[in-house]
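Structure, as structure tokens:
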Amino acid sequence: AIDPQFHENRDQVDEHEGHAVWGPVDEPEQLGIHGTHVAVDFDICLADGACVEDCPVDVFEWVDTPGHPESEEKADPANESQCIDCMLCVDVCPVDAIDVDAG
Ligand code: SF4
Ligand code: F3S
Ligand code: ZN
């Protein structure tokens, strides 16, 4: 499962479409965590898609990740600022790849 303390245990190494990327990153095998308020561990996500389908405000967008061992696409929290903290995505992800910091 995603480490809910990732912002203390990892360093921000990059930015992607306006959100943070938390390392370590070693493409294409290791991609880190995307987002901060809505955080998706790309190294755990296996492209189940429940989060993309169920988020009521369309926070997630698919991104292609060719060569990653778990899956060749990931749910990217592209619109994390729209999140309304419903926690649905956290509940439906079968591999606990998502952390939402609802404060
Ligand atoms: Fe979308 Fe709710 Fe998850 Fe926020 S907590 S990203 S609104 S499903
Ligand atoms: Fe990935 Fe979990 Fe969504 S596996 S696509 S973060 S439901
Ligand atoms: Zn991203």
Pop out the carbon and sulfur fraction of the accessible area of the stretch 6-100 as a percent, whole number, probe 1.4 Å.
42 percent
For the chain: Kirkwood Rh in Å [reciprocal of mean 1/r, alpha carbons]:
13.3 Å
Would you mind working out the accessible area per residue for the chain, using a 1.4 Å probe, and quoting it in Å²?
53 Å²
Consider a paramagnetic label point 7 Å from the Cα of D3 along Cα→Cβ; state which residues of the stretch 59-103 have an amide N under 18 Å from it.
96-101
How about the chain: what cysteines have no other cysteine beta carbon under 4.7 Å from their own?
C45, C55, C83, C86, C93
Here the stretch 81-93 yields Karplus 3J(HN,Hα) values (6.51, -1.76, 1.60; θ = phi - 60°; whole Hz; Gly and Pro given as x) of 5, 7, 4, 10, 6, 6, 6, 4, 4, 4, 6, 8, 5
Gain on full stretching of the segment that runs from D91 to V13 - 0.36 nm per residue minus C-alpha separation
25.3 nm
For the stretch 1-58, restrict the atom set to alpha-carbon positions and state the Rg and Dmax in Å.
11.6, 32
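The values are calculated or read from the model by the stated rules, or taken from the named source; none is laboratory data. Only a predicted model underlies this, so the values are computations on that prediction, with no experimental measurement involved. Counting neighbours? That spans all protein chains shown, and the Cβs are built from the backbone with ideal geometry, glycine included. Calculation scope for accessible area: heavy atoms of the full protein, side chains included, ligands and nucleic acids excluded. Shrake-Rupley method; radii C 1.70, N 1.55, O 1.52, S 1.80 Å.
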